[in-house]
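Structure first, commentary second.
Values in this text are rule-based calculations from the coordinates and carry no lab data. None of these values were measured; they are calculated from a predicted model. Using ideal geometry, Cβ is built from the backbone for each residue, glycine included, and neighbour counts are taken over all protein chains shown.
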Amino acid sequence: MTDPAGRQNEAQRIRQIVARLARAQPASRKVRRDPLDELILTILSQSTSDANCYRGWEALRAKYPDWEAALAAPPGEVEETIRPAGLSKQKSATILGVLSRLRNEQGSPTLDQIQTLDDSEAVEYLTGFKGVGVKTAACVLCFALGRDVIPVDTHVHRIALRLGLVPENASAVRTHEILNEIVPPELRYELHVLLIGHGRSVCTARKPRCGECDLADCCPKVGIHTGGR
């Protein structure tokens, strides 16, 4: 556990990181979605590009007027519908598993019930679905419920490691735990969005553009000398 003085220093450093990155990136408006929509969209986003994810999402919503209709679809139809998002067999199984369990438990496919849960309870409930991990659950809390949590995707994880915000061997799950402890609540959404943008354009997995980085003078560049993460 970080001592109070150390935590204050960490918070100040994070505020500086946010301020610097915000100068280089346009402001992002927080979008609120239905919790179940957000969960399914995030499942589609796993291991694919944003463009392919949204192609799969738009095809899914165009095909089915509601989630009950998706559950009633012939075998293999949902898989074929979301093929543009990649890993369609795995993702369709996860989506249909979520919808089926919700209908059995709630009478219809809905996640409205998690709005009354606190953050830890909601994460525990969501990760109880096969194929739903901590990052996916955190996206639902952040983007659907408006909770002050920071989802840790591959960009956030990589940059947190390089900046030394977390130990060099920290897993994505451990990084989630640490960042949600040290990042001031009001900055978690903004930091998440800024790190994703920074990871895509500057602090890339391979050949990071350190010469163009707004954080270059305060970044220990952990792991970059070995090819980065």
>> Of the candidates Leu195, Leu99, Leu87, which one comes out as most mobile in a Gaussian network treatment of the chain with C-alpha springs shorter than 10 Å?
In response: Leu87
>> Taking 0.36 nm per residue of sequence separation and subtracting the Cα-Cα distance, how much length would be gained by fully extending the chain between Ala62 and Glu105, in nm to one decimal?
In response: 12.8 nm
>> Greater than 31 Å separation of Cα atoms is the criterion. Which listed pairs, Lys63/Lys135; Lys30/Lys91; Lys130/Lys207; Lys63/Lys207; Lys89/Lys207; Lys63/Lys130, meet it?
In response: Lys130/Lys207; Lys63/Lys207; Lys89/Lys207
> Taking only DSSP H segments of four or more residues, each worth -39500 (n - 2.57), what value at 222 nm results for the chain once the sum is divided by all its residues, to the nearest 500 deg cm²/dmol?
Replying inline: -16500 deg cm²/dmol
> What is the calculated FRET efficiency for Glu121 to Glu186, with r their C-beta to C-beta distance and R₀ = 25 Å, to the nearest 0.05?
Replying inline: 0.70
> Which entry in (1) 18.8, 59; (2) 17.0, 51; (3) 23.0, 74 matches Rg and Dmax of the Cα atoms in Å derived from the coordinates of this structure?
Replying inline: (1)
>> Over all directions, the average projected area of the alpha-carbon convex hull for the range 150-229 comes to how many nm²?
In response: 4.8 nm²
>> If the reach is capped at under 20 angstrom between alpha carbons, list the aspartates and glutamates near Lys221, excluding any in the same chain fewer than eight residues apart.
In response: Glu10, Asp153, Glu168, Glu212
> What area, in nm² and to one decimal, does the C-alpha convex hull of the range 1-99 cast on average over all directions?
Replying inline: 9.2 nm²
> Rg and Dmax of the range 35-144, using alpha carbons, in Å: what are they?
Replying inline: 13.1, 37
>> If I build a Gaussian network model for the chain, linking alpha-carbon pairs within less than 10 angstrom, which residue out of Lys91, Lys207, Lys30 has the largest mean-square fluctuation?
In response: Lys207
>> Could you check the spin-label model distance between Ala205 and Ile224? Points 7 Å from the Cα along Cα→Cβ, value in nm.
In response: 1.9 nm
>> I'd like the distance between the alpha-carbon centres of the range 184-218 and the range 84-127, rounded to an integer number of Å.
In response: 31 Å
